[in-house]
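Only the coordinates and a few stated rules stand behind these numbers; no lab work does. Note that the structure is a prediction, hence the values are computed from the model and not measured.
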């Protein structure tokens, strides 16, 4: 099923199981400290993530991004997490741009996998609307542009970058025309 239960939607970013396990270890199983971290995590990431983003780590402290509404699709990215500082501190200090970019890559992966399984973009648009997820909806619009240019596209990251570049060039040309035209 593309979306587990569209009526039971989560709107909060949250830490994943492995991250919580690591935090428990760092906090010597002090539940109050772990709960405090989770609240700080939510306060830090809810304003910059669109919806039910889960940020977790693997055994090498690389990030794993997923979404509770699409639990079987994950996006992995290397981090600069080091072993000389607590993971809790490093994660709360992570650059928001890193998180936003990873979330965008996750959405592109969700769209590509759904499209490969013959799910329609209309269904994904409906889901994005139901989730009130602007970033996901933007990626669907880009996907439509890619497919309009190349109906046999595999929705690779390069194709997304090409369409973004083309859109930027058009926007710059529009501004130039308004100023000098």
> Across 5 Å bins from 0, what is the distribution of all Cα-Cα pair distances for segment 39-122, in whole percents?
Replying inline: 3, 14, 24, 24, 17, 9, 5, 3, 1, 0
> Measuring from centroid to centroid over Cα atoms, what is the spacing of segment 102-126 and segment 134-181 in Å?
Replying inline: 17 Å
>> With a cut-off of 8 Å between alpha carbons and a minimum separation of six or more residues, what is the relative contact order of the chain in percent?
In response: 18 percent
> If you wrap a convex hull around the C-alpha atoms of the chain and split its volume per residue, what is the figure in Å³?
Replying inline: 147 Å³
> Which of 163, 111, 55 moves most in a GNM of the chain, Cα contacts under 10 Å?
Replying inline: 163
> Pick from 75, 45, 160: which residue has the top mean-square fluctuation in a GNM of the chain where Cα pairs under 10 Å get a spring?
Replying inline: 160
> If you find the alpha carbon centre of segment 17-43 and of segment 51-94, how far apart are they in angstrom?
Replying inline: 14 Å
> Just 113, 25, 74 to compare: in a GNM of the chain, with alpha carbon springs under 10 Å, which one fluctuates most?
Replying inline: 25
